[in-house]
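In what follows, a structure is listed as structure tokens, so that the remarks can point back to it.
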Amino acid sequence: MTAHDDGAALPQEGGVEARREEASSAPSAPFVPPRFEQVYDEHIDYLWRAARGMGVSPSAVDDVLQDLFLVVHRRLPEFEGRASVRTWLTRILVRVVSEHRRRFRRKESGHDELVEDALDTHQPTPADEAARNQAVALLSEILGTMDEDQRVVFVLAEIEQLPVPEIAASLEVNVNTVYSRLRLARKDYEKHLARLRAKDEWRQR
């Protein structure tokens, strides 16, 4: 018996490795975009809150979302699933809101008051009403002082709780840029919050 006649099976052509290569080269099923109705139903609440958080007034938010969903309806067949649907929608929302600001920027004030739904999706109890109203008013005033880029990042990260990589993908910037804007926004928030609280304490004396 030679050294090769020890009973061990030698690899054969067309064995496991060949089957793996064949499987890996097999065409995958084409991506099918979600239905428009599904996208609308699953994301309308988030988009409404995010638009309000970005400073769109209650009287204009329906128009902004209408413009957004016109874009979605037109481009949804081209959506390839490279990002999540929420990331894709947020990217469109930021652009639509920016265009809305350019067309309809308010003359009297740099911000609009938020409504409670932009801060929380749950209806407050009567015992929480006063505290919530105060929190919404404070947040609205502080957001109105922020740079637009910082405000968008702050709303998406702090209010909507989107992860930083998703925000970066939505805004088409790198992660470090998002962290930088968020750091500045948080610093601005703390500064204005301290100023407003000091003002309230002075009034109560």
**Asked** In the set Ala127, Ala135, Ala83, which member is within 19 Å of the chain's Cα centre (by Cα) and modelled with pLDDT under 95?
**Response** Ala83
**Selected residue [within 30 Å of Arg35 (Cα to Cα) and at pLDDT 80 or above] from Leu143, Leu68** = Leu68
**Item:** Residues of region 63-107 classified as surrounded by 15 or more Cβ atoms within 10 Å (Cβ to Cβ) and among the small types (Gly, Ala, Ser), total
**Value:** 1
**Asked** Does region 172-179 contain at least one residue that is closer than 18 Å to Thr87 by Cα and crowded, with 18+ Cβ neighbours inside 10 Å?
**Response** yes
**Request:** Give the number of residues within region 155-173 that are closer than 13 Å to Leu193 by Cβ and at pLDDT 95 or above.
**Result:** 0
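The values are calculated or read from the model by the stated rules, or taken from the named source; none is laboratory data. All values derive from a computational prediction rather than experimental measurement. Methodologically, a virtual Cβ is constructed for each residue, glycine included, from the backbone with ideal geometry; neighbour enumeration extends over all protein chains shown.
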